[in-house]
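To keep things clear, I will list the structure first and then write my remarks on it.
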Amino acid sequence: MSNSLKSVIVGTAGHIDHGKSSLIEALTGTHPDRLEEEKRRGITIDLGFAFLEEGGVRFGFVDVPGHERFVKNMLAGTSGIDLVLFVVAADEAIKPQTREHFDICRLLGVKRGVVAITKTDLVDRESADLVRLELEEFVKGSFLEGAPILAVSAKTGDGLEALRLALREEARKIEEKQTGRYFRLPIDRSFAVKGFGTVVTGTLISGKVAAGDEVELLPERKLLRVRGVQTGGKTVEQADAGQRTAVNLSGIEHTAVRRGMVIAAPGRLAKTRRIDARLELLASAPKLRHRARVHFHAGAAEGVAEVLLHEKAELLPGESALAQLRLADDVVVLRGDRFIVRQFSPVITTGGGEVLDPLARRPTRKDSGRVKFLETLERGSREEILRAMADRNILGLGMSDIVPRAGWMEPEVQAAAQDLAKAGTIRVVSAEPLLLLSEALFQEIAKKLLARVEVFHKENPLLVGIPREELRASIGKRVRAETFRAALEELTKQNKVVAQGDLVKKPGTEITLTPEEERAKEQIEQAFAKAGLAVPSVKEVLTQLAIENRRAEKILQILLREKVLVRVSPELIFHRDALGRLPSLLQNYKKSRGERIGVPAFKELTGITRKYAIPLLEYLDRQRLTRRTGDERVIL
Ligand SMILES: Nc1nc2c(ncn2[C@@H]2O[C@H](COP(=O)(O)OP(=O)(O)OP(=O)(O)O)[C@@H](O)[C@H]2O)c(=O)[nH]1
Ligand SMILES: [Mg+2]
């Protein structure tokens with residue numbers, strides 16, 4: 001495959017019977033109609049394709065039907081085209097689908113085109129000139145203003161050379177596609193080829209695809225393997241953005257793939273049923289009410305959607321507004337994708353627009369920041385958008401929140417995040433995997449943590465600090481573990497808190513016990529130390545002390561937190577020295593009498609009663625010093 005050729009997709013547009021398919025045949029030698037019914041009725045029903053290589057350009061033609069009943073097929077083919085070949089018959093001039101197709105091209109953001117006045121063999125020169133004037137007027141102020149208008153005849157071949165030249169000239173002005181983006185191919189056909197299996201076709205709108213690649217079928221989220229790739233009817237090693245592409249897939253039946261599905265780089269796109277968008281209503285359309293139902297078309301997909309207007313109760317003809325499209329079925333779109341809406345019934349094209357947030361949230365009255373957020377998505381730089389996303393996402397943003405929304409490459413996200421971190425507006429909570437949080441939110445969390453530590457000290461003057469888990473729980477589930485860790489780290493770095501083992505405390509807070517309390521602490525420790533494994537009950541120990549019970553309890557807590565004492569079961573507490581002797585005791589037993597030990601042997605070994613033996617053995621199981629098998633333990 002030579003890379004010097006530029007790939008350009010040309011889509012036809014125009015009223016039924018105006019000669020679109022004939023013109024494609026005259027240009028390429030291929031008649032694009034392929035269905036039996038199309039041949040019989042002499043009209044185009046579904047999309048047809050043809051290819052032409054000349055003048056350094058590889059043209060892929062998508063021929064669409066003009067019949068008003070098949071506009072939805074036309075829509076599937078028109079998204080992704082670079083150039084429109086806008087066809088108007090000289091003997092009929094502008095007709096309803098001339099207008100509708102024109103509106104669709106404009107709403108889909110088609111930037112360039114060539115106008116062909118065809119069937120000129122059927123009219124005299126003056127009539128053809130009149131149609132030209134009419135067309136010049138018609139395209140004024142649109143993307144087609146100033147586009148070449150050529151008089152041709154598919155029948156006689158008149159003007160075809162000039163048309164080819166004009167197409168080549170326009171093709172030259174088209175920007176090169178960026179193949180360095182994630183692979184995405186909206187599927188417009190799926191069929192089986194004998195000996196190959198499932199083949200899907202579509203306009204490759206971004207990235208590239210090669211045999212052997214793993215791709216994801218969406219919205220099904222199925223991983224599939226690419227067996228082979230064709231462009232322009234020829235097998236190639238790799239297809240690039242901007243080419244009509246056929247992909248041979250293994251691992252799926254062709255009937256399981258439908259028009260409107262997408263194959264893409266795995267994990268980079270997400271399905272959705274809520275899209276926030278800029279919606280434009282055609283001047284020719286009736287007004288659109290909040291909650292109106294519409295037909296929705298994006299890429300090769302179509303569905304039914306409810307329109308929720310964000311700022312107003314109704315949208316007037318010619319106006320635009322921010323709106324949410326709530327879809328009945330999953331679609332796969334990215335920020336910046338164009339879409340078309342058609343009135344529910346009778347079905348006519350009424351508007352369209354641009355996707356701003358493909359993974360939109362349910363609209364709520366509380367959400368006052370949405371309009372501003374969408375305006376940033378519409379006009380902002382990458383940094384501004386990333387920051388706005390972070391501001392609205394209190395849980396933090398990962399790659400999987402950013403990439404399927406914006407379509408940015410990972411290094412682009414990383415670079416923008418670094419810039420924002422340097423500017424102090426975003427906190428990189430974790431670099432790998434990426435987790436971003438707005439700096440303001442991060443500071444708020446740190447502040448809350450600090451406040452919680454302070455309150456804990458006030459409420460528990462006898463305790464060293466708050467256990468990590470307790471602190472974590474106090475700020476709720478809306479903070480991820482990574483964020484908690486990072487915030488704690490930040491507070492530690494600033495010397496606002498000190499982490500001491502499992503405890504978090506303010507620096508300089510030492511618990512000072514009264515001499516009386518000190519003595520009680522010693523007495524408790526002594527009581528357990530002396531008892532060895534035959535420990536007294538907690539109550540027994542505490543009631544013997546000279547201080548009141550509540551304070552005695554606190555002192556006991558201190559000893560537990562200091563790990564001088566260890567709670568083995570709700571009722572039983574042991575001194576760490578007593579427990580510390582157990583491993584060597586068990587190992588000696590293992591050496592002399594084997595690895596298995598029953599409860600009686602354990603009682604004998606430790607000199608304790610069953611009351612202590614059972615909880616102790618369970619503790620040893622938890623500590624992985626022993627493992628229970630039936631009535632016995634295996635010493636590990
Ligand atoms: N005389 C004359 N007839 C033409 C010319 N181009 C097309 N036709 C005829 O016009 C009829 C319609 O042509 P198509 O090419 O099928 O028109 P189309 O725009 O593709 O129609 P749809 O796809 O159904 O919208 C056919 O009978 C063609 O033979 C032309 O330049 N001159
Ligand atoms: Mg046709």
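How high is the relative contact order of the range 151-274, in percent, with contacts defined as C-alpha pairs under 8 Å that are six or more residues apart?
Across the range 151-274, relative contact order equals 28 percent.
Please give every one of the lysines within straight-line cross-link reach of residue 591, meaning a C-alpha to C-alpha distance under 22 Å, and leave out same-chain neighbours fewer than 8 residues apart.
603
With a sphere of radius 12 Å drawn around the Cβ of residue 426, what net charge do the other residues whose Cβ falls strictly inside it have (Lys, Arg +1; Asp, Glu -1)?
My count for the surroundings of residue 426 gives -2.
Just round it to a whole percent: the fraction of Cα-Cα distances in the range 257-332 exceeding 20 Å. Before the final figure, lay out each step's value.
Details: 1005 of 2850 pairs.
Of all Cα-Cα distances in the range 257-332, 35 percent exceed 20 Å.
Sort 173, 95 by accessible area with a 1.4 Å probe, largest first.
173, 95
What whole-number distance in Å separates the alpha-carbon centres of the range 550-609 and the range 35-108?
Taking the Cα centre of the range 35-108 as reference, the centre of the range 550-609 is 84 Å away.
Which of the three applies to the range 1-138, rounded, prolate or oblate, going by the alpha-carbon gyration tensor with a ≥ b ≥ c and a/c under 1.5 meaning rounded? Provide the component values of the computation, followed by the final result.
Details: a/c = 1.42, a/b = 1.27, b/c = 1.13.
Rounded.
Skipping prolines and chain starts, which residues have an amide H placed within reach, meaning under 5 Å, of the one on residue 261, given they are 5 or more residues away or on another chain?
Under 5 Å from the amide H of residue 261: 187.
With a 1.4 Å probe and all protein chains kept in place, how much accessible area does residue 427 have, in Å² rounded to the nearest 10?
Here the accessible area works out near 50 Å².
Where only protein heavy atoms count, and the probe is 1.4 Å, what is the accessible area per residue for the chain in Å²?
Ligands and nucleic acids excluded, the figure is 47 Å² per residue.
Find how many whole Å separate the alpha carbon centroid of the range 430-467 from the alpha carbon centroid of the range 244-272.
Measuring centre to centre over Cα atoms gives 46 Å.
As a test of the formula, what do you get for the chain when each DSSP H run with n ≥ 4 contributes -39,500 (n - 2.57) and the sum is divided by the residue count, at 222 nm and rounded to the nearest 500 deg cm²/dmol?
Value at 222 nm, helices only: -10500 deg cm²/dmol.
Please report, in debye to the nearest 20, how large the charge dipole of the chain is about its Cα centre when each Lys and Arg carries +1 at its beta carbon and each Asp and Glu carries -1 there.
2940 debye
Which one of 464, 8, 190 is farthest out on the positive end of the charge dipole of the chain, using unit charges on Cβ (Lys, Arg +1; Asp, Glu -1) and the Cα centre as origin?
Final value for the positive-end residue is 464.
Ignoring ligands, DNA and RNA, what percent of the accessible area of the range 563-623 is carbon or sulfur (1.4 Å)? Each step should come with its number before you reach the end.
Details: 1720 of 3400 Å².
That share works out to 51 percent.
What do you reckon, how do 297, 31, 67 stack up by accessible area (1.4 Å probe), largest on top? Kindly include the intermediate steps, with their values, before the conclusion.
Numbers: 297 15, 31 75, 67 45 Å².
From most exposed to least exposed: 31, 67, 297.
Distance from the Cα centre of the range 480-528 to that of the range 183-236, in angstrom?
60 Å
Return the sequence-ordered ³J(HN,Hα) values of the range 593-607 in whole Hz as given by the Karplus equation 6.51 cos²θ - 1.76 cosθ + 1.60 applied to θ = phi - 60°, using x for Gly and Pro.
Running phi through 6.51 cos²θ - 1.76 cosθ + 1.60 with θ = phi - 60° gives 10, x, 7, 8, 9, x, 4, x, 5, 5, 4, 5, 4, 9, x Hz.
Any idea of residue 182's accessible area? Nearest 10 Å², probe 1.4 Å.
Result for residue 182: roughly 40 Å² accessible.
Can you give me the long-range amide H partners of residue 329? Hydrogens built in the peptide plane at 1.01 Å from N, cutoff under 5 Å, separation of 5 or more residues or another chain.
304
Reported to two decimal places, what Rg/Rh ratio describes the range 271-374 when computed on Cα atoms with Rh from the Kirkwood expression?
Result: Rg/Rh = 0.93.
With a 1.4 Å probe and all protein chains left in place, how much of the accessible area of the range 391-504 comes from carbon and sulfur atoms, in whole percent?
53 percent
Radius of gyration and Dmax for the range 30-84's Cα atoms, expressed in Å?
Gyration radius and largest Cα-Cα distance of the range 30-84: 12.2, 37 Å.
Listed here are the pairs 448/505; 6/208; 39/234; 95/155; which of them are more than 19 Å apart at the Cα? Intermediate values should be presented prior to the final figure.
Details: 448/505 14 Å; 6/208 14 Å; 39/234 25 Å; 95/155 21 Å.
Table pairs above 19 Å Cα-Cα are 39/234; 95/155.
How much net charge surrounds residue 79 when only other residues with a Cβ under 10 Å from its Cβ are counted (Lys, Arg +1; Asp, Glu -1)? Before the final figure, lay out each step's value.
Working: positive: 338; negative: 188, 337.
Taking every Cβ under 10 Å from that of residue 79, the sum is -1.
Once ligands and nucleic acids are excluded and a 1.4 Å probe is used, how much of residue 337 is accessible, expressed in Å² to the nearest 10?
Its accessible surface works out to 30 Å², give or take rounding.
Take every Cα pair under 8 Å in the range 74-118 that's 6+ residues apart, average their separations, divide by the length, and report that relative contact order as a whole percent.
61 percent
Which whole-Hz ³J(HN,Hα) couplings does the range 282-291 yield from phi under the Karplus relation 6.51 cos²θ - 1.76 cosθ + 1.60, θ = phi - 60°, glycine and proline marked x?
Once θ is set to phi - 60°, the couplings for the range 282-291 become 5, 4, 8, 8, x, 5, 10, 7, 3, 6 Hz.
Could you give the Stokes-Einstein D for the range 105-261 in µm² per second, using the C-alpha Kirkwood radius, 20 °C, 1.002 mPa s?
On the way: Rh = 18.4 Å.
Answer from the Stokes-Einstein relation: 117 µm²/s.
For the range 1-86, with all protein chains present and a 1.4 Å probe, just round the carbon and sulfur fraction of the accessible area to a whole percent.
42 percent
Compare 137, 618 by solvent-accessible area with a 1.4 Å probe and give them largest first, with all protein chains kept in place.
Solvent-accessible surface, decreasing: 137, 618.
Pull out a ≥ b ≥ c, the square roots of the eigenvalues of the alpha-carbon gyration tensor of the range 523-567, then state rounded if a/c is under 1.5, prolate if not and a/b is larger than b/c, and oblate in the remaining case.
Since a/c reaches 1.5 but b/c is at least a/b, the shape of the range 523-567 is classed as oblate.
Kindly write out, for the range 183-196 in residue order, the coupling ³J(HN,Hα) from the Karplus curve 6.51 cos²θ - 1.76 cosθ + 1.60 (θ = phi - 60°), rounded to whole Hz, with x marking Gly and Pro.
5, 8, 9, x, 8, 10, 8, 9, 8, 10, 10, 3, x, 10
Percent relative contact order of the chain, based on C-alpha pairs within less than 8 angstrom and at least six residues apart?
7 percent
Shape verdict for the chain, please, from the Cα gyration tensor: rounded (a/c under 1.5), prolate (a/b greater than b/c) or oblate.
Prolate shape, in that a/c is at least 1.5 and a/b is the bigger ratio.
The values are calculated or read from the model by the stated rules, or taken from the named source; none is laboratory data. Here the structure is a predicted model, which means the values were calculated and not measured. Every residue, glycine as well, gets a Cβ built from its backbone with ideal geometry; the counts of neighbours run over all protein chains shown. What goes into the accessible areas is simple: the full protein's heavy atoms, side chains included, and nothing from ligands, DNA or RNA. Shrake-Rupley method; radii C 1.70, N 1.55, O 1.52, S 1.80 Å.
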